[in-house]
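What follows is a single structure, written as structure tokens, with notes after it.
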Amino acid sequence: MGILKSDALLNSFFLTLLNNCNAVTVTQTFSALLPPTSMAKSECPQSQAYFVTLCTHQRECLFGEIVEGQMQLNSLGALVAEEWQKSFETSADIDLHHWVIMPNHIHGIVTTVEEQDRVLPEPSEQDQTPLQSSRSDPKSSSHDLRDWINTFKKMATERINPLRALPQQPLWQREFDQHFIPHRFAFHTFHQYINTNPHAWDWDKLHPDSPACS
């Protein structure tokens, strides 16, 4: 059995890459390592997809804790999870796929639903750049996503801050991270990262004790 066929070693290698490199580097590396069949194991949307990360103000761990590789939500985390899911139920423009709430951040794969006619192709060996879609400018979807994120953050803050007795304290960092998902392999990569994120909390770059926070 080759070393990259071991799930434990593959996950470890994958997490090291994604925690220390940008999304393009990870996608290019894994495109060279994984067989084509591995790229289609996850259901992949046919609309424009993004991997998004929202982090709490000053990376404060407010939503619970990791116990034996599993996220245990506290009361605040449960409220955030409820508001997170509700925000998708009330949105006509954004769909939710995979997601996870961590002690101080949220990861999710979301899609804009206006564009339903584009199938994400397999990555080629020579081109890992974002693919052109029927939209003239993917930034228009990014703008819609930003509006939706800001609305979610506002609603979650209005529910949580009274419970913290800190009505004026920011709950979230002002900005959020987003990565456009250009093809099936990138979707699979981010899907795997979400699934394994709780297991790798001690090495997460958003962990309060991470050198990246200093």
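The values are calculated or read from the model by the stated rules, or taken from the named source; none is laboratory data. No experiment lies behind these values; they were computed from the predicted model shown. Here Cβ is always computed from backbone atoms with ideal geometry, including for glycine, and neighbour counts include all displayed protein chains.
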Worksheet item: Looking at segment 139-180, which of the residues that are over 21 Å from residue 59 (Cβ atoms) and of a type in the set (Ser, Thr, Tyr) is modelled with the lowest pLDDT?
Response: 140
Discussion item. Can you pull out every residue in segment 74-99 that is in contact with a helix residue (DSSP H, G or I) (Cβ under 6 Å, 6 or more places away or on another chain) and free of Cβ contacts under 8 Å to residues at least 40 places away in the same chain?
Written reply: 96
Worksheet item: Give me the pairs: first residue in segment 177-199 and over 23 Å from residue 104 (Cα atoms), second residue part of a helix (DSSP H, G or I) and among the aliphatic types (A, V, I, L, M), beta-carbon distance under 8 Å, and six or more apart or on different chains, which are they?
Response: 184/39; 184/40; 185/39; 186/23; 188/39; 188/40
Practice prompt. Write out, first by first residue and then by second, each pair whose Cβ atoms fall under 9 Å of each other, whose residues are 6+ apart or on separate chains, and whose first residue, in segment 158-176, is on the phi < 0 side of the Ramachandran plot and β-branched (Val, Ile, Thr) while the second is surrounded by 13 or more Cβ atoms within 10 Å (Cβ to Cβ) and assigned to a loop (DSSP other than H, G, I, E, B).
Written response: 160/62; 160/171
Worksheet item: Quick one: how many residues across segment 170-195 are surrounded by fewer than 21 Cβ atoms within 10 Å (Cβ to Cβ) and out of contact with any Ser or Thr (no Cβ under 9 Å at 6 or more places or on another chain)?
Response: 4
